[in-house]
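Single-structure report; data block below.
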Amino acid sequence: MPKMGSAVSPLHGGHCPPWLFEKMTYLSAAIIEAVAQEFGTAEALRRMADPVWFQAFGSVIGFDWHSSGLTTVGLGALKEGLALKQRELGLFVVGGKGKASRKTPDEIDQIGGELGLPNTIIPLKDVSRMVAKVDSALVQDGYQLYHHVMLFNREGQWAVIQQGMNDQSQTARRYHWLSETVTSYICEPHQGIAGRTVPHVLDLTDRHNEDIQKRSVELARHPEDVLLALRSLHAQEGQTELVMPRHHDIPSAPHLNKILYQVYDRSPENYQDLVSTPGVGASTMRALAMVSEIIFGSPLTYHDPVRYSFAHGGKDSIPFPVNRDDYTTSLRVLEDALRRAKVDDRTKMDSLRRLAQIDP
């Protein structure tokens, strides 16, 4: 099963103080370098793909433990800190927040060209796009992606950390992926996910929605049937709740008219091909799923893929009590990494003191 996870944090604005960001840059890179040198780059990727370990990592390097910025600022600091070490270390960081996230494929090309990396990294551009497409179009949980970072090594192994925001609840949710356990992008790629569950989540990667996936591909070859069914739904607003919870709006037939015919011209062979079609997003996949339920009677499953509580929690039970076993394991690994990190004594002692102040 793919190793993937998420964490939910309050959505915070503002900027990180320059002095703190400088320390985070230095310490985050030292910790990951220590893990990579001691256990290998593949293990460093596994650690970053673990939402619990990552939350502890972000807290240790000094950022607000319950802020959405733990992800964006923490990974920004790590990317900057590893910039001059990545050739020697063989571990690379691309992507970022907002516009920087869209530069991920270009950065992969640049690193591959400058360092003469093997062909194993060529597929990473498609991986980056597919992971983003799954979390935005197939996992419809109310969070809009705004952050995408990929870490990879010379062998082409990778981890992806994405974050989405929910303006209504003012929270962020983080998603983690790990290449070595990905067997399918479209069938339950979520494992080790941490977050607060929310109602009415349409997870089209849920195993119980496999029939919906097959029927959606069939319908992609008959756009007229899809458009007609959507118009019928809009004409019977009082019955729409039998098909889809009100939290999921019925896509507009005129709005989808163009993209459905583009999909038809492409004639996708399978569900992954369908979702990877340019222009296909959440509304297209939701429309096909809804119409599949109507025409073929394939029941839709609504289930938030979150499986674990938010990261570690807090000692004051905010947002909930600490998971002691998880926290102890995370801190032990981080403490070992800090001991091996090439940092000055004061920075090391400050970090260890911060660890000691957290009551597991």
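The values are calculated or read from the model by the stated rules, or taken from the named source; none is laboratory data. Quantities reported herein were computed from a predicted structural model and do not represent experimental measurements. Positions of Cβ are backbone-derived with ideal geometry, glycine not excepted, and every protein chain shown enters the neighbour counts.
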- Message: Can you name every one of the strands (runs of 3 or more DSSP E) wholly within region 111-192 that holds 3 or more residues which are buried (at least 18 other Cβ atoms within 10 Å of the Cβ) and touching a Gly at 6+ places or on another chain (Cβ under 7 Å)?
- Response: 144-153, 171-178
- Task: Select from region 302-332 the residues that are surrounded by fewer than 15 Cβ atoms within 10 Å (Cβ to Cβ) and among the polar types (S, T, N, Q) and write down the one among them that is modelled with the highest pLDDT.
- Result: Thr328
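Matching residues to (1) modelled with pLDDT under 95; (2) farther than 17 Å from Ala36 by Cα:
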site	(1), (2)
Phe63	yes, yes
Leu78	no, no
Gln86	yes, no
Ser101	no, yes
- Item | Those residues of region 95-110 which are over 22 Å from Glu155 (Cβ atoms) and either in a helix (DSSP H, G or I) or outside the structural domain of Tyr175 (by TED's automatic domain parsing) (or both), in sequence order | Gly98, Lys99, Ala100, Ser101, Arg102, Lys103
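Within region 246-298, restricting attention to residues that are of a type outside the set (Gly, Ala, Ser) and in contact with a strand residue (DSSP E or B) (Cβ under 7 Å, 6 or more places away or on another chain), which residue is surrounded by the fewest Cβ atoms within 10 Å (Cβ to Cβ)?
Going through region 246-298, the residues of a type outside the set (Gly, Ala, Ser) turn out to be 246-251, 254-266, 268-275, 277-278, 280, 284-286, 288, 290-291, 293-296.
Narrowing the set further to residues that are in contact with a strand residue (DSSP E or B) (Cβ under 7 Å, 6 or more places away or on another chain) leaves 248, 286.
On the way: His248: 21, Arg286: 23.
Looking at the filtered set, the residue picked out is His248.
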